[in-house]
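Here's the structure, in structure tokens; my notes come after.
Every number here is computed from the coordinates shown, using simple stated rules; none is lab data. The model shown is predicted, which means the values in this text are computed figures rather than measured ones. Quick reminder, even Gly has a Cβ in these numbers, built from the backbone with ideal geometry, and neighbours come from all protein chains shown.
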Amino acid sequence: MLYVIAAPSGAGKTTIVREILKSNPEIVFSVSATTREKRSGEADGKDYFYFTKDEFKKKIANDELVEYEILFNGDYYGTLKTYVEKNLKEGKDMIFDVDVNGALSIKKLYGLNARLIFIMPPEKETLIKRLKNRATESKEQIEERIKRVDLEIGKANDFDYIVVNDKLDKAVNEVQKIISQSNTKKDF
């Protein structure tokens, strides 16, 4: 089963995914591919699969990605088909932390074997506050992310589940319940 968690930036999807992985060590985290520079302490194949832009563009041309996006800073991010297929063949469940369009691409490819879970912020103001408080991006990057919020929330009804993240523990428990219920009835 593929559990695909998506949300606007700042809605808490990465935090929720981390909590789910702590409780479910048998689930494989989908390591993304990127063209961004490797940061200190990061390892290829653990944090990301690192590629040059030319290598990444070849992967796009050769249809080697399940989904991908180009961020406003020019870096590419995506999910390698070979990585997903390898884990599926080994019978492993996977969890994804992707953007909304990436989630919809995964559903298109994997159908009933993909469970799309949209993490909804309690309100837009809370989301904007979270983005500003985490202080990991420039003012321009935050503004770009805020511009995408309405578009992303507008696609929430295309997901199998919507979980409101007004309280982290509650949201994590709801996602865990979805995973537990899905594991009892595989659609293979």
- Item | Residues I117, I128 arranged by fewest to most Cβ contacts within 10 Å | I128, I117
- Message: Given contacts defined as C-alpha pairs under 8 Å and at least six residues apart, what's the relative contact order of the chain, whole-number percent?
- Response: 33 percent
- Would you please give the residues with an amide H less than 5 Å from that of I162, counting only those at least 5 places away or on a separate chain, with H modeled from the backbone geometry? F118
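Calculate the translational D of the range 1-53 in whole µm² s⁻¹ from Stokes-Einstein, where the hydrodynamic radius comes from the Kirkwood formula applied to all Cα pairs, the temperature is 4 °C and the viscosity 1.567 mPa s. Present the calculation step by step, with values, prior to reporting the outcome.
On the way: Rh = 12.8 Å.
The Stokes-Einstein estimate is 101 µm²/s.
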- trypsin sites (Lys or Arg not before Pro) restricted to DSSP loop in the range 1-57 with at most 12 other C-beta within 10 Å: K38, R39, K46
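Test of the criteria: in the range 53-154, which GluC sites (Glu not before Pro) are in a DSSP loop and have at most 14 other Cβ atoms within 10 angstrom of their Cβ? Before the final figure, lay out each step's value.
Numbers: sites: E55, E64, E67, E69, E85, E90, E123, E125, E137, E140, E143, E144, E152; in loops: E64, E90, E123, E137.
Answer by residue number: E90, E123.
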- Message: I want to verify a result. In a Gaussian network model of the chain, Cα cutoff 10 Å, which of these has the top mean-square fluctuation: I70, I27, I119?
- Response: I70
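Past 32 Å, Cα to Cα: identify those pairs from K89/K147; K53/K86; K107/K167; K13/K38; K57/K177, in the order given. Working shown, then result.
Values: K89/K147 39 Å; K53/K86 24 Å; K107/K167 27 Å; K13/K38 22 Å; K57/K177 38 Å.
Check vs 32 Å cut-off fails for K89/K147; K57/K177.
How long are the three semi-axes of the equivalent ellipsoid for the range 31-91, computed from the Cα gyration tensor as the root of 5 times each eigenvalue, in whole Å, largest first? Don't jump to the answer; show the numbers that get you there.
Numbers: eigenvalues 74, 49, 15 Å².
Result for the range 31-91: semi-axes of 19, 16, 9 Å.
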- Query: Taking the radius of gyration and the Kirkwood hydrodynamic radius from Cα positions alone, what is the Rg/Rh ratio for the chain, to two decimal places?
  - Reply: 0.94
